[in-house]
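Here is the structure we will look at.
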Amino acid sequence: MSFQNPEYLWWLLVLIPIVLWYVFKQFRSHASLQISTTEPFRKMPRSRKPYWFHVLFVVRCVVVALLIIVVARPQLSNHFQTETAEGIDIMVALDVSGTMLAEDLKPNRLQAAKKVATEFIAGRPNDNIGLVVFSGESFTQCPLTNDHSALINLFNSVEYGMIEDGTAIGLGLANAVSRIKDSEAKSKVIILLTDGSNNAGDVAPRTAAEIAQSFGVRVYTIGVGTRGMAPYPFQTPYGVRYQNIPVDIDEDMLREIADMTGGTYFRATDNSKLKAIYEEIDRMEKTKLRVNQYSKKSEEFLPFLLAAFVLLVFEIVVRHTILRSLPM
């Protein structure tokens, strides 16, 4: 409920001094006939007619309040909104090679990448998103889908050892391109995350990037790993032993892939940087949302006017029936 002329509602404050004046007047009223004692009248039945004057005063105040509301023109607004979402199709190409178990990111690179990626997916409800994993080989863990709950479950099930070890970056990228190239979305994006250099697969990274470029697919590349050495857990007969291994990320190649396809290369050296990278990609690749709004207003003064009329008639009837024998 809203009012076309809300400034008139301030007139409701006038009722406060009117009520105060009425109460003061009742306390200052004096009897018309004074007698020495009221004892002879105690057993006489009391008339309730004098109380009707108070009732009629309340009725009159309500009538004034209702008329002020009518002048303020109460209205009901109905809002209609239609949304047309133009989503973005995104394939995530995730490296699951053995070096992703290094613990320079916590608890390790693979688990950190999975956690941040699932948060990214949860924040993009209008997009179709899919997942390709790669190491020495590559396969599609989940095709493009809008069922993000199922996608997140499949993300969480990704583990090292699912496929032959190695780092086939070109094969992983080519697989992701094949899954997104026929998309009808105007924006097609691949997020490629790896911690190494291409050392397996039959497709060279540059060749895969050229394929992505030909289909209008933008590739964001992320190199994961600290600079220098990173702690890696090795299984031994005496349990897990940690040894520092060199971090070898082919940044030039990842940067070239991003530049060729119109994307950006990022380096994630810790968990917070990886999260910030996904947040930046999220800002750069916003879903286009077209919103049409309609508003319809209807006048709602009639119920208040009818109520005021009924109460006014009620006052007139009472004054000329119940109170007709009392002085007005």
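The values are calculated or read from the model by the stated rules, or taken from the named source; none is laboratory data. Since the structure is predicted, the reported quantities are computational estimates derived from the model, not experimental observations. Heads up, the Cβs are rebuilt from the backbone with ideal geometry, glycines too, and the neighbour counts pull from every protein chain shown. Surface areas here come from the heavy atoms of the whole protein model, side chains and all, with no ligands, DNA or RNA. Shrake-Rupley method; radii C 1.70, N 1.55, O 1.52, S 1.80 Å.
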List every residue pair whose Cβ atoms lie under 7 Å apart, where the two residues are 6 or more positions apart in sequence or sit on different chains, the first residue falls within segment 1-14 and is within 13 Å of F304 (Cβ to Cβ), and the second residue, located anywhere, is open to solvent by 60 Å² or more (accessible area, probe 1.4 Å) and not in a helix (DSSP H, G or I). M1/L76; F3/R73; L9/F3
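Mind checking which strands (runs of 3 or more DSSP E) fall wholly inside segment 212-265 and carry at least 3 residues that are over 23 Å from V116 (Cβ atoms) and either in contact (Cβ under 8 Å) with a residue 24 or more places away in the chain or open to solvent by less than 70 Å² (accessible area, probe 1.4 Å) (or both)? Steps first, answer last, please.
Details: elements: 217-224, 229-236, 239-246.
Per the criteria, 239-246.
When the residues of segment 92-116 are narrowed to those that are open to solvent by less than 20 Å² (accessible area, probe 1.4 Å) and in contact with a strand residue (DSSP E or B) (Cβ under 6 Å, 6 or more places away or on another chain), which ends up farthest from R227 (Cα to Cα)?
First, the residues of segment 92-116 that are open to solvent by less than 20 Å² (accessible area, probe 1.4 Å): 92-98, 100, 102, 105, 109-110, 112-114, 116.
Restricting the remaining residues to those that are in contact with a strand residue (DSSP E or B) (Cβ under 6 Å, 6 or more places away or on another chain) gives 92-96, 102, 109, 113.
Details: V92: 24, A93: 22, L94: 20, D95: 18, V96: 20, A102: 13, R109: 14, A113: 17 Å.
By that ranking, first place goes to V92.
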Tell me, please, whether a residue that is open to solvent by 30 Å² or more (accessible area, probe 1.4 Å), modelled with pLDDT under 95 and of a type outside the set (G, A, S) can be found in segment 166-179. no
Residue list for segment 136-167, restricted to those being in contact with a Leu (Cβ under 9 Å, 6 or more places away or on another chain) and among the hydrophobic types (A, V, I, L, M, F, W, C): C142, L151, L154, F155, V158
Scan segment 134-164 residue by residue and report those that are out of contact with any Asp or Glu (no Cβ under 8 Å at 6 or more places or on another chain) and closer than 14 Å to M100 by Cα. V158, E159, Y160, G161, M162
Note on F155: of the conditions (1) part of a helix (DSSP H, G or I); (2) under 16 Å from I257 (Cβ atoms); (3) touching a Lys or Arg at 6+ places or on another chain (Cβ under 9 Å), unmet is (2)
